[in-house]
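The numbers here are math on the coordinates, done by the rules we state, and not lab data. For clarity, every value in this text was computed on a predicted model and none was experimentally measured. Reconstructed Cβ throughout: ideal geometry from the backbone, glycine too, with neighbour counts over all protein chains shown.
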Amino acid sequence: MTVSIELRNITKRFGSVTAVDDVSLEIRDNEIFALLGPSGCGKTTLLRTLAGFEVPDGGQVLVGGQDVTGWRPRKRPLNMMFQSYALFPHMTVERNVAYGLEMEKRPRDEIRARVAEALDSAQLSRFASRKPDQLSGGQRQRVALARALVKRPKVLLLDEPLSALDKKLREEMQLELKRLQSEVGITFLVVTHDQEEALVMADRIAVLRDGRLAQVGPPQALYEHPATHFVASFIGVMNFLEGTAVPGGVEVPGAGLLHGACDFTGPASMAVRPERVSLAEVTPGEGLNAVPGQIAELAYHGTDLSVHVDVLDGRARMAARVPAAQVDAGAFEIGRPVTCCWAPEHSRILQPDANETLTGSRP
Amino acid sequence: MRNRLKSVILLGPGLGWLALLMVVPCGLIFTYSVFERGVYGGIDYTFTLENFRRAADPLFLGIFLRSAKIAGLATLIAILIAYPAAFAITRAPRDWQTALLILVILPFWSNYLIRTYAWIVMLNREGLINNGLAGLGVIDEPLPLLYNSFAVVVGLVYNYTPFVVLAIYASLNRINRETIEASEDLGASGWVTFWRVIVPQTVPGIAAGGVFVFVLSIGNFITPDLLGGGRLQMVGNLIYDQFLSARDWPFGATLSMFLIALMMILLFAQAMVARRAAGEGAG
Amino acid sequence: MQRRMHTGLKLHLGLFFAFLYVPVLVLMVLSFNRAGLPTVWTGFSLDWYGKLFTADPIIRAARNTLVVAVASTVLATVIGTLLAVGVETRRNSPFLDAILFAPMIIPDIVLAIALLSFYTAISLTLGLHSIILSHVVFNIAFVVAVVRTRMRHFDHSMLEASADLGASEFTTFRRVLLPTIAPGVIAGALLSFTLSVDEFIIAFFTAGAGQSSTTLPMQIYSMIRFGVTPEINAMATIVMLVSFTLVLLAQRADRRVFTQ
């Protein structure tokens, strides 16, 4: 697999703020790569550095092996789909799509043919002579895509491509974009703050935090084996119990030794996903981690039920996700004692982050 | 019922005032235009279309055209000066922009007579410009800068350009910055981006500023009076003369009607431009 | 290339500001000129200011101007604020918008002759009162424009919240709406005052014959017609500084007032 984009030690400062701090990344040909992180993590700055709108204070940008660090945006073999779509409001859909080809000074006939083809494959032919304000959000998004793709770039950069759409359309478009990418066969680099979007769309994800890379890997690896406390809490929902790592697990005050694979000692968090937690009325047999508590809250999601349990005498709370099909009427009610159980292989034992996190979703 | 009472209290005094002291007087002028001039300068209420025939007379048509030419030139120059100035302000650091705008608009809100008088001081035979040029040895004889159409255009441009800057700045500010970046991303140079993406999106601002300068220039009285000297007559001066010297009120009223009609046509055109742009700008 | 264009823009902006301010500054400097010659510097003196403050016609004109400006500002501010609130709390009407915009754009000379014709037709004696009536017309338009801008940034559900909490319409107006739009009202009033102090043509047409109701701009006009004199420079300096101060105060009161 060949490397499409390489970022080497990119650093970008705005005044005293370091937006991107020594980031190195390789993005491969023909993959969907997501830059994921909370707002202010530097993902958009990184994307703009790639597009050429920001000049890095240090480091190199290579596209197809060529150093393009000092190139103007218009010279780079990549195109961008902007967060606001940035359609030219005074031009028709057709003129918008033709714009990039006109800049390449293509022959008139070629422009006409390629624009027609692009509009056709985006199912926009009917709207060719409309202005952007006469289109729906989804249609505008397709125009923005067509406008960038008609130039046949090596890489398409997408800045929060779906954030302007409502939830239902967003989910449709995630799959639509995936299909499109496999059709055109170019690299897509997506910036998003929505971890679900990244999980659904991307082949690989880079999680950024405070301008630094936290972890890079395929969605499943990030979800199942988060490298840091931050990644664990940012992607999906995670239960954490604070304690001290010892060989074979984490010693949690009030719960004893909870088992799991661990290669360090010292302060640590025992982490487990809610869907790996099962609830039992009596303490189960050997081999399972067990933390007793009391049901504090119930949240019904349709497909499943979240049961929130106060554990360790109320010093912590754990969530368990029970598939709705398995819920008996009246099985769970607030105040009932219950034990949270999970297998040691589902334990993730994490060191505390260097600077303690405020972000992330805890149950 | 309650709502009606509320409307009457809120809107009544203001709309009443404007109706009585703007709409009715303007209507009165309209009716005067179809009556004859009284023997001693008043109105003789005999129906006539003579005033309109006279207004279409080559003599007065010529004055109208000259006024339009001077106003048009002033408008063009004002836009040419204002556009880069407004553009420069949008490129200034955020916290400077307000200060720069205030600096632009400050003279606009001071006494019009004095601003015009300042150009008499600048342009007269012993004025700053003539003295300066003579001091540098560029000229031997003072240039005839004052009391001609040049001085009138300078005066109009000076007085009205600030407003155009404001109007263009506002429409530049409304542009989605990402459209500018998108243009560059799609391969356009700065120059192409300026002409094909930035300027078209500021047409409403240019139109608003331009119509404003043109309307206020063509109906202007003070500037041609003070800077144009007695020789240069524009529509404003002509109307003034009909009321205060010639005492031909019906004819003066007819000329005013022409002015108002022209103004309404231009404002309508400008509103259409703004509406089209507003529709396009949504979203 | 980008950078060079930037320098060019800066230069243009600099020249534009020079164009705006040099004539005004020249006037101000020359007002301290000792010689009667208006455009050649011969030494510093405050004589012309002294002359100004002892000339009866000028003192009277200044007093008249003050009376007109204060009266028309008070009237226009009250009427205009009510009007702005009324217009902004009902359905958008292009017709109303046009009526409210008209006084700002009608050529002064047209409004001036229209008002003169009207006053003559109803046999109104001309004087300071007729100037005041006339100035209120365009002042209303400016107050409405400034207050409406302010209103547009006002969350209208606050009015409903106030009603929901049990306030009467009047109480809501006084305790919720007015405090929020107050900066706009103050800015509008200051701008009205400035406009009224500086207005010439309408005052000139509606003041009537005789010296008794001459305003300062009318006085300035006749002095300019007479010729370029150092007294005008001195008076211009004072009038300009007063306007600048008022406008800056208006901007302080409502920061949106010039960037609507």
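Numbers at a glance
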quantity: For chain A, built as a Gaussian network whose Cα springs stay under 10 Å, the top-fluctuating residue of A:L175, A:L78, A:L213; calculated: A:L175
quantity: Candidates A:K75, A:K12, A:K154: whichever shows maximal mean-square fluctuation once chain A is modelled as a Gaussian network with Cα springs under 10 Å; calculated: A:K75
quantity: Chain A: relative contact order as a whole-number percent, Cα under 8 Å and 6+ apart; calculated: 16
quantity: Relative intensity, log₁₀ I(q)/I(0), of region A:237-354 from a Debye sum that treats every alpha carbon as a point, q = 0.12, 0.17, 0.18, 0.22 Å⁻¹; calculated: -0.41, -0.79, -0.88, -1.23
quantity: Hypothetical label at C:M104: residues of region B:149-179 whose amide nitrogen lies under 18 Å (7 Å Cα-Cβ projection); calculated: B:160-174
quantity: √(5λ) per eigenvalue of the Cα gyration tensor, chain A, largest first, Å; calculated: 46, 25, 15
quantity: Global size of the protein assembly as shown as Cα Rg and Dmax, reported in angstrom; calculated: 36.4, 121
quantity: Range of Cα positions in region A:1-121 per principal axis (Å), largest first; calculated: 47, 34, 25
quantity: Number of Lys pairs (Cα under 13 Å; 8 or more positions apart or on different chains) in the protein assembly as shown; calculated: 4
quantity: Taking the C-alpha atoms of region C:127-260, convex hull volume expressed per residue in Å³; calculated: 119
quantity: Kirkwood Rh in Å, taken over all unlike Cα pairs in chain C; calculated: 21.0
quantity: A:E224-C:I122 pseudo-label distance in nm [points 7 Å out on the Cα-to-Cβ vector]; calculated: 8.9
quantity: Estimated inter-spin distance, C:L66 and C:W41, nm [label 7 Å along Cα→Cβ]; calculated: 3.4
quantity: P(r) tail fraction, chain B - alpha-carbon pairs more than 37 Å apart, %; calculated: 31
